[in-house]
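Here's the structure, in structure tokens; my notes come after.
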Amino acid sequence: MSVRKLPSGRWHARLKSGRQYIAGRTFDTRRDAVAWLARERAALAGGVDPRAGRTPVRRLVLTWLEERKGTVAQKTYVADAALPRLMPTALAALHVGAVTDREVTRALVALTRQGLAEASVRRFRASLSSFFAWAVRERIIAANPVTGTRVPKVGEPPVEMHPFNEGQLEALWTAARARNERLADILLIAGWTGLRWSELRAVRVRDFVEIPMPLLVVQRAAPEGIEVKVTKGGRARRVPLADRVLPLVRDLARERDGDDLLLVTESGHRLHASALKRTVAWGTISGGRRIHDLRHTAACLWLARGVDAATVQAWMGHTSIATTNIYLHHLGTGADRAGLDRLNARGNTWGTRADEEDA
């Protein structure tokens, strides 16, 4: 028999081509075993099993998630696992073979109208597309209905960056040191290196080198609640250490093992944003800024001191120079400064030529 019940109570399906054994799988229910066998037979024939397409989306998504567990990064799986919760009821109730780009677009619009952030809707769409791409590979449907859809534009203003200037950064450091010297030093290092919070949490002592120049090698990230992974850009980068923070980093690395985390609390524990904010009274001393604004601060400090944009791009780990140029627009370009100098030059006030007339 192609599908038989095992002594354990589970069901085993055997796929054969003629008399040749091709594959076999074990399932909890006979229905799942029969459905898999039908799909595999259809795949051998080069087609799609129409009966598989009559499975409701909400049920097939759970099968997909079970197979996806352990095959993708934890952060990706967490985003995918939100799919059943976010999926509108109308879409979840449809047979997977009946879903078209029209139903997908309606779902995206519905989520947008519910107030879900555009970035969250994009993540939902990406997970939904991965689900239907899997269904295509499994010969359940012929085409991915998400491919031709777009996330609706909601017109929300982007989150503004609010970097510290050098004086404000020093004031932040002073205020934080009154509460916790170690955490204050880490905040200052963040403001001069531009490391993301997840990267700060993952830097090890051996990542601090001084020859041929003092710098941090940034090659991993440790987002809170997620295992250590590669950096956001997927590449390691080197961030030079300014004299202002070099002594602080030396003190943190002194007489410690190379595998130890470099930036830790006084008790040696890994950093946690909520604990740090509570300890240094971040809400009181930050002027309404986010910790991520320390990363913006570093880029602005570098550019203001004459570091060229291409170098800042490399130090920040930006994949595109357009991202780095955002900081130039924030600070004002050389052309802006030259234009302002002309506006303030003598003889150009209010369109007059006072200097010439005086002469």
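The values are calculated or read from the model by the stated rules, or taken from the named source; none is laboratory data. On a predicted model such as this, the values are computed, not experimentally measured, just so you know. Positions of Cβ are backbone-derived with ideal geometry, glycine not excepted, and every protein chain shown enters the neighbour counts. When the accessible area is computed, the model is the full protein with side chains, heavy atoms only, and any ligands, DNA or RNA have been set aside. Shrake-Rupley method; radii C 1.70, N 1.55, O 1.52, S 1.80 Å.
Given a 1.4 angstrom probe, what's the average accessible area per residue across the stretch 104-204, in square angstrom?
Heavy-atom accessible area per residue stands at 47 Å².
Which whole number in µm²/s is D for the stretch 183-324 by Stokes-Einstein, with the Kirkwood Rh taken over Cα pairs at 20 °C and 1.002 mPa s?
Rounded, D is 138 µm²/s.
Whole-Hz ³J(HN,Hα) for each residue in the stretch 93-102, computed from phi via Karplus 6.51 cos²θ - 1.76 cosθ + 1.60 with θ = phi - 60°, x for glycine and proline: what do you get?
7, 6, 5, 4, x, 9, 7, 10, 4, 5
Highest mean first, how do 229-236, 99-106 rank when packing is the count of other Cβ atoms within 10 Å averaged over residues?
Highest to lowest by the protection proxy: 99-106, 229-236.
Pairs Lys69/Lys277; Lys153/Lys232; Lys16/Lys75; Lys69/Lys229: which are spaced more than 27 Å apart, C-alpha to C-alpha?
In this structure, Lys69/Lys277; Lys16/Lys75 lie more than 27 Å apart at Cα.
How large a share of the accessible area of the chain, in percent, is made up of carbon and sulfur atoms when the probe is 1.4 Å and the other protein chains stay in place?
So the carbon and sulfur contribution to the accessible surface is 51 percent.
Could you point to the residue in Pro7, Thr323, Leu111 farthest towards the positive end of the chain's charge dipole, with +1 and -1 charges on the Cβ of Lys/Arg and Asp/Glu respectively?
Pro7
So for each of 140-153, 72-85 I average, over its residues, the number of other beta carbons within 10 Å; can you give me the resulting order with the highest mean first?
Packing proxy ranking, top to bottom: 140-153, 72-85.
Of [x] 199; [y] 249; [z] 140, which one was derived for volume of the Cα convex hull per residue in Å³ from the structure shown?
Correct label is [y].
Just the number, please: Stokes-Einstein D of the stretch 1-140 in µm²/s, Kirkwood Rh from C-alpha pairs, 4 °C, 1.567 mPa s.
Using the Kirkwood radius from Cα pairs, D works out to 79 µm²/s.
Please list, in order along the stretch 68-78, the HN-Hα scalar couplings obtained from phi with the Karplus expression 6.51 cos²θ - 1.76 cosθ + 1.60 (θ = phi - 60°), rounded to whole Hz, x for Gly and Pro.
So the Karplus estimates, Gly and Pro as x, are 6, 4, x, 9, 10, 4, 4, 5, 5, 5, 4 Hz.
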